[in-house]
Amino acid sequence: MRSGTVGRVLVRDYASGDLAQERFAAKDRQRLAENFYVRGDGTRAYYFTASSIRTLFSDQEMLLEELAVHERAITNRGKGVTMDRRWVQASFASAQVTGWGVADVTRHVDQMGLADIARHGVRCYLV
């Protein structure tokens, strides 16, 4: 967001402790910094903690509306492997915005079709 503008940022990304991070941790040469790794193709992956994402946005004077770390055990029945996945989901707003958080937007998307959402001026980015 540009400085001085009004808006909201919805974030959903990897959380610290995710299975992919555990795999990176075994390969020290792929670690760039704490919770920051490089994949084999050269792309970067950062694994957020709740406090790191809160700090990142509060340093930019964004207000925290919602913050949750989600965990799910996913089972690959073919291989008989259970994978622990984790992600962080948050909603931040500029100081002038109040009201809707992630749950409100999600509920609104579920109740309306995408065409209806566009007609009402709600911008929804699925990440």
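Readers should treat all values here as calculations from the given coordinates under stated rules, not as data from a laboratory. What you see is a predicted model, and the numbers here were worked out from it, not measured in a lab. We place every Cβ from the backbone using ideal geometry, glycine too, and count neighbours over all the protein chains shown.
Could you compute the FRET efficiency for Arg29 and Ala68, with r as their C-beta to C-beta distance and R0 at 41 Å, rounded to 0.05?
Numbers: r = 33 Å, r/R0 = 0.80.
With R0 = 41 Å, the Cβ-Cβ based efficiency is 0.80.
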For Ile74, net neighbour charge (Lys/Arg +1, Asp/Glu -1) across residues whose Cβ lies under 9 Å away: +1
Ranked by how many other beta carbons lie within 10 Å on average, peptides 9-21, 47-59, 72-84, 25-37 from highest: 9-21, 47-59, 25-37, 72-84
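Just the Kirkwood number for segment 8-97, please: inverse of mean 1/r across all distinct Cα pairs, in Å, one decimal. Could the numbers behind the result be given before it?
On the way: mean 1/r = 0.0691 Å⁻¹.
So the Kirkwood estimate lands at 14.5 Å.
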Glu22 versus Asp41: modelled label distance in nm, points set 7 Å from Cα along the beta carbon direction: 2.4
FRET efficiency, Arg12 to Asn76 (Cβ-Cβ, R0 25 Å, nearest 0.05): 0.65
